[in-house]
Amino acid sequence: MLLLNSKEDEYTQLLRTASEIKNKHVGNIVYLRGLIEFSNICSKNCYYCGIRKSNKKVQRYNLTDEEIISAANFALQHNYGSIVLQSGEVQSKVFSKRIESLIKAIKRTSDNKLGITLSCGEQSEETYKRWFDAGAHRYLLRIETSNKELYDKIHPSDSLHSFENRLECIHFLKKCGYQIGTGIMIGLPFQCIEDLADDLLFMKDIDIDMCGMGPFLIHNETPFAQYDDSLLPLNERFELTLKMIALLRIMMPDINIASTTALQAIDKIGREKAIQVGANIIMPNVTPGIYRNNYKLYENKPCTDEDAVECSSCIEIRMKLVGAEIAYGKWGDSMHFKQKKNI
Ligand code: SAM
Ligand code: SF4
């Protein structure tokens with residue numbers, strides 16, 4: 001009911017409750033993850049994504065090992081505590097070995113001071129295990145939607161885009177020992193409010209440790225550009241995302257919830273608003289500025305014309321605005337995970 005057009009006072013009450021629960025369970029603290037979008041090369045063709053394989057207008061890039069390590073060092077020097085290595089999906093022995101060596105190199109050069117989260121899509125259980133053993137300890141793999149029928153409508157129907165595989169990967173990750181993060185997009189074509197309610201239950205059910213969810217936004221060079229006129233208006237997608245964050249915080253008080261960049265694409269202070277209603281993770285982009293324009297998942301992606309230094313000072317000011325304290329130099333692991341494991 002709360003996801004539907006709730007009355008103004010119900011909406012305000014929901015956000016206030018979520019904020020109180022957040023402060024009580026994880027504090028008014030924000031953890032930083034320096035986001036390194038290290039490659040936009042992808043073998044998949046998700047209908048919604050701007051860097052899908054068939055988009056020939058994207059200039060493909062792959063950061064060198066030196067560039068990746070230097071971006072990680074930037075995060076270390078700025079006391080971010082953690083990084084996220086994110087890319088398009090590539091499944092190969094070469095890719096798997098490369099990431100393994102990079103994780104080891106970053107752990108070594110940072111003297112184990114940087115926590116590493118990965119977001120490199122679906123891989124074999126063996127690859128996930130190698131990366132975990134090398135030192136990565138958190139993994140983000142969005143289910144995108146927990147409704148298989150909807151999943152099949154937003155992806156091509158072939159074995160590369162299988163709902164069952166995606167789900168299996170989440171289970172592999174859990175088995176390997178990662179803190180697992182999943183999430184969804186809000187306002188997708190064909191999505192209804194019941195799907196979103198089910199998504200919340202799904203996340204609770206599989207007992208996630210972290211969540212990253214955000215509004216779906218159009219990229220003009222994707223098959224989904226054709227639905228631009230039939231989507232929920234941007235302000236409603238935004239409001240719905242805040243409600244989803246607030247509800248998830250109430251349902252799972254001690255998990256980590258990311259305030260995603262897509263929110264800022266709709267509202268200049270969208271990420272700050274998400275922090276106020278339950279999110280506790282921000283991922284400042286530390287990818288070298290020259291590549292950012294080529295990691296455009298959707299139109300109007302913010303900060304593509306900035307560099308890591310600008311992002312760093314901007315985040316500090318933005319968090320001060322909402323009275324949140326940045327926990328510099330901390331890995332900021334999921335309290336939910338720690339409690340489960342009795343750490
Ligand atoms: N390739 C990996 C994967 O798919 O898991 C990681 C990178 S992928 C770009 C990260 C996330 O971007 C996806 O899980 C998806 O939810 C989100 N995304 C892609 N296209 C989007 C769009 N048009 N609007 C909002 N989010 C989008
Ligand atoms: Fe590739 Fe991920 Fe985009 Fe799908 S969402 S096309 S897997 S980068």
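The values are calculated or read from the model by the stated rules, or taken from the named source; none is laboratory data. Worth saying up front: this structure is predicted, and the values here are computed from it rather than measured. We place every Cβ from the backbone using ideal geometry, glycine too, and count neighbours over all the protein chains shown. Only protein heavy atoms, including side chains, enter the accessible area calculation; ligands, DNA and RNA are left aside. Shrake-Rupley method; radii C 1.70, N 1.55, O 1.52, S 1.80 Å.
No other residue among LEU32, LEU76, LEU85 is under 30 Å from ALA279 (Cα atoms), outside any loop (DSSP other than H, G, I, E, B) and open to solvent by 40 Å² or more (accessible area, probe 1.4 Å) apart from LEU76. When you check LYS22 against the structure, is it within 16 Å of ligand 2 (Cβ to nearest atom), of a type in the set (Lys, Arg) and at pLDDT 95 or above, yes or no? Considered against the rule, which asks whether it is within 16 Å of ligand 2 (Cβ to nearest atom), of a type in the set (Lys, Arg) and at pLDDT 95 or above, LYS22 comes out as no. Consider segment 148-192 and keep the residues that are closer than 24 Å to ARG130 by Cβ, part of a helix (DSSP H, G or I) and in contact with a strand residue (DSSP E or B) (Cβ under 7 Å, 6 or more places away or on another chain). The one that is most open to solvent (accessible area, probe 1.4 Å) is LYS174.
If the condition is being β-branched (Val, Ile, Thr) and either touching a Cys at 6+ places or on another chain (Cβ under 9 Å) or under 26 Å from GLU67 (Cβ atoms) (or both), then segment 298-343 contributes THR304, VAL309, ILE315, ILE326. Criterion first (closer than 30 Å to PHE163 by Cβ and modelled with pLDDT under 95) does ASN55 satisfy it? No, not satisfied.
Within segment 106-123, the set of residues being open to solvent by 10 Å² or more (accessible area, probe 1.4 Å) and more than 16 Å from ligand 2 (Cβ to nearest atom) comprises LYS107, ARG108, THR109, ASP111, ASN112, LYS113. Residue-level check: of (1) in contact (Cβ under 8 Å) with a residue 12 or more places away in the chain; (2) away from ligand 2 (no atom under 15 Å from the Cβ); (3) under 27 Å from SER230 (Cα atoms); (4) of a type outside the set (Gly, Ala, Ser), GLU144 misses just (2).
Condition check ((1) on the phi < 0 side of the Ramachandran plot; (2) at pLDDT 95 or above; (3) open to solvent by less than 10 Å² (accessible area, probe 1.4 Å); (4) in a helix (DSSP H, G or I)) across all residues:
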{"site": "ILE275", "(1), (2), (3), (4)": "yes, yes, yes, yes"}
{"site": "ILE290", "(1), (2), (3), (4)": "yes, no, no, yes"}
{"site": "ASN300", "(1), (2), (3), (4)": "no, no, no, no"}
{"site": "GLU306", "(1), (2), (3), (4)": "yes, no, no, no"}
{"site": "SER313", "(1), (2), (3), (4)": "yes, no, no, yes"}
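In this entry, LYS129 passes the filter for residues that are touching a helix residue (DSSP H, G or I) at 6+ places or on another chain (Cβ under 7 Å) and either over 28 Å from SER313 (Cβ atoms) or within 16 Å of ligand 2 (Cβ to nearest atom) (or both).
Among residues of segment 102-125 that are assigned to a strand (DSSP E or B), those with a Cβ under 6 angstrom from a residue that is within 16 Å of ligand 2 (Cβ to nearest atom) and open to solvent by less than 10 Å² (accessible area, probe 1.4 Å), sequence gap 6+ or separate chain, pair up as THR117/VAL84; LEU118/LEU85; LEU118/TYR139; SER119/VAL84.
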